[in-house]
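Below you'll find the structure, written out as structure tokens, and then a few comments.
The values are calculated or read from the model by the stated rules, or taken from the named source; none is laboratory data. No experiment lies behind these values; they were computed from the predicted model shown. As a convention, Cβ positions derive from the backbone with ideal geometry for all residues, glycine included, and neighbour counts pool all protein chains shown.
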There are 2 protein chains.
Amino acid sequence: MRQKVTIDDVARKAGVSKQTVSRAINDKGDISPITRERILVLVKEMGYRPNRMAQAMNTSRSHMIGLVVPDITNPFFPEIVRAVQDAAMENGYTTLICNTVNSSEIEVLNDLVTHGIDGLITFTHRADDESVSDFADRFGPMLIINREFAHQNITTLMVDNKAGACLAVEHLAGLGHKTIGMLSTDLATLSQTRRVQGYKEGLGDAGLQFDESLLVQADPTLAGGLEAAKELLKRRPDVTAIFAYNDLMGVGAIRACKDLGLKVPEDISIIGFDDIQLASMISPALSSVHVDKYEMGRKAFERIYNLIQEPTSTRDMIGMKPKIIQRESSGPA
Amino acid sequence: MRQKVTIDDVARKAGVSKQTVSRAINDKGDISPITRERILVLVKEMGYRPNRMAQAMNTSRSHMIGLVVPDITNPFFPEIVRAVQDAAMENGYTTLICNTVNSSEIEVLNDLVTHGIDGLITFTHRADDESVSDFADRFGPMLIINREFAHQNITTLMVDNKAGACLAVEHLAGLGHKTIGMLSTDLATLSQTRRVQGYKEGLGDAGLQFDESLLVQADPTLAGGLEAAKELLKRRPDVTAIFAYNDLMGVGAIRACKDLGLKVPEDISIIGFDDIQLASMISPALSSVHVDKYEMGRKAFERIYNLIQEPTSTRDMIGMKPKIIQRESSGPA
DNA sequence: CTGAAAGCGCTTACAG
DNA sequence: CTGAAAGCGCTTACAG
């Protein structure tokens, strides 16, 4: 829709040129304090707000960033999105959000660019390296979360998944568990690889032996966790502790134990990963490797905001350390 | 950032004027098929995409809509957001999202307008009628969810909360329960009022007596539900079924029963409202009044899209019927 | 201290 | 069928 009040309307009413109005609202350039005040009063009265698109055409600043997530209904993302938006709003930015679950990730990114976003925060994990690289060649400030990427236009922000998995195993081993299984996912993502690596390393650190029979794969969902846990406990009835790839699988594992008549944590200890809201809401509450998702979102925005302000600043890798939250689902062996 | 490839670049390379390029990409106006093809090939080669902001300045169509939610981390919203975006993307639209939990709702709406959104979908529940009305006077296509509003620019989309609450009570009464309590919230929202009305009406329909002691108020959260359920069961130990204002309170009620040594559903039946993901993930799984949130989001976008296309079409009220999903938490009295 | 001119990247009439 | 001109609502130099 066409704007109701334009800078020309204000200028006319104030009896000045539009440049003068521009000076007043942007507090930029020489202007007499008196006319400035007079204009500002008029601006408020008329409810005038500059058209950001018109502004953007001149300044190359749309005050919009793009935020791309795989699927906002995945409980991992809402908190990150919220954090990005909180930080954005504090800095006069608005967020254009897209889900990529049904679309080509690169298409989505390109589309966002046509809207004139100043910066981009994305969880692009399906698109291949070359496509992402080609895109980054053309686009400026860009931050990818949870993907390793070496490109001069790309800053990365990653949870240290390996360290988190190590901590989980350390936690269980510290409780006296000697036979610790893992429920993993069949998706070949970086998170998966790193969490399995951390699991194995954690076992090693605790002086425990890894065996293939201890690692079961399934969908990274509640149903997947349920199924995988049953399989694991069938294969290895001696298991007393389970590390799940994520909280959903962890909840599934708790359900499996219940079905099998095993008590959590008395018979089996369970720990998940991500610490989504669900973890603290079920009973027994699920211990988890906590990822500070809110902090993650804020950091992402802060970094992209800096990159927008200083496009020449160097790109880097931001790491985030997870930590253990013990709840009811893990206890002494 | 300034755009890499502009319409002028394409025009120059094609040896035509930019108007001709415009005709080719928009498939609008007379143009010879041959030059059209030639230009389209070039467009693809050069990776040219029209700047939507520049387009919007002429056409008054930014291809962005605004979507305003109280708080995306509230599990009620992600699915709606996802649905709006799915529908938007299918129609060439992108979504500008804002949370209002920390801000003035009207401020957020006004800010969105400066970005040139073509339409607006909002859960504006805190702002008073007058502010909303003033805003609507100036802005065009606008849809408010879950708030009654009579304004010629505003279309409303509402869940029939009263009917849903009625259904919940009917469900419990149908299972043979005679003493049915309700956990409500202290927030004076329309949803709250309607759900309490429905609860009372449902009792009447079932030939049961309402009594003030059966209605307990608390925060609409898990903790609130836990607290309220304990209070209710202390006041009225004869209660055998509980209708909770929302699922979070329902889950809290289950927890309360567990703490008190009561079995769900053997001793107490519980039903929630909204049917968020959590409801089906806990154990016992929570029966709930299902609101089709995905459908809600799609309908909202469809309606706003129509309003954008035909700004003169009349505004209306769209209603949505909830339905009962029985799970483990409710059973025979 | 203030205004006239030009331009951001497009599209919409209007000529030819 | 194609191009020159004007304009969307702003800002950025540049005059004065």
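Of the residues making up region A:5-19, just one is over 23 Å from residue B:116 (Cα atoms) and either within 14 Å of chain B (Cβ to nearest Cβ) or within 11 Å of DNA strand D (Cβ to nearest atom) (or both), namely A:17. Residue pairs whose Cβ atoms lie under 8 Å apart, separated by 6 or more positions or on different chains, with the first residue in region B:318-332 and within 23 Å of residue B:266 (Cα to Cα) and the second charged (D, E, K, R) and part of a loop (DSSP other than H, G, I, E, B), are B:325/B:275; B:331/B:266. For region B:87-105, a tally of residues being aliphatic (A, V, I, L, M), surrounded by 22 or more Cβ atoms within 10 Å (Cβ to Cβ) and more than 7 Å from chain A (Cβ to nearest Cβ) returns 1. Total residues in region B:274-285 satisfying the condition of being over 14 Å from residue A:278 (Cα atoms) and either without any contact (Cβ under 8 Å) to a residue 40 or more places away in the chain or over 16 Å from the mean Cα position of the chain (by Cα) (or both): the figure is 1. Under the condition of being touching a residue at least 60 places away in the same chain (Cβ under 8 Å) and near DNA strand D (Cβ under 6 Å from one of its atoms), the residues counted in region A:44-58 number 0.
Does residue B:299 satisfy the condition of being crowded, with 21+ Cβ neighbours inside 10 Å and out of contact with any His (no Cβ under 7 Å at 6 or more places or on another chain)? In short, no. Go through region B:20-32 and give me each residue that's closer than 13 Å to residue B:50 by Cβ and either near DNA strand D (Cβ under 8 Å from one of its atoms) or among the aliphatic types (A, V, I, L, M) (or both). Listed by number, the residues that qualify are B:21, B:23, B:24, B:25. The residues on offer are A:285, A:333, and the sole one that is outside any helix (DSSP H, G or I), aliphatic (A, V, I, L, M) and within 11 Å of another protein chain (Cβ to nearest Cβ) is A:285. Per the listing B:31, B:25, B:65, the residue uniquely more than 9 Å from chain A (Cβ to nearest Cβ), surrounded by 15 or more Cβ atoms within 10 Å (Cβ to Cβ) and near DNA strand C (Cβ under 7 Å from one of its atoms) is B:25. Cβ-Cβ contacts under 8 Å between residues 6 or more apart (or on different chains), taken from a first residue in region A:133-154 that is closer than 18 Å to residue A:318 by Cβ and β-branched (Val, Ile, Thr) to a second residue that is at pLDDT below 90 and outside any strand (DSSP E or B), are listed as A:154/A:315.
For region B:34-56, filtered to residues that are of a type in the set (S, T, N, Q) and part of a helix (DSSP H, G or I), the residue that is farthest from the other protein chains (Cβ to nearest Cβ) is B:35.
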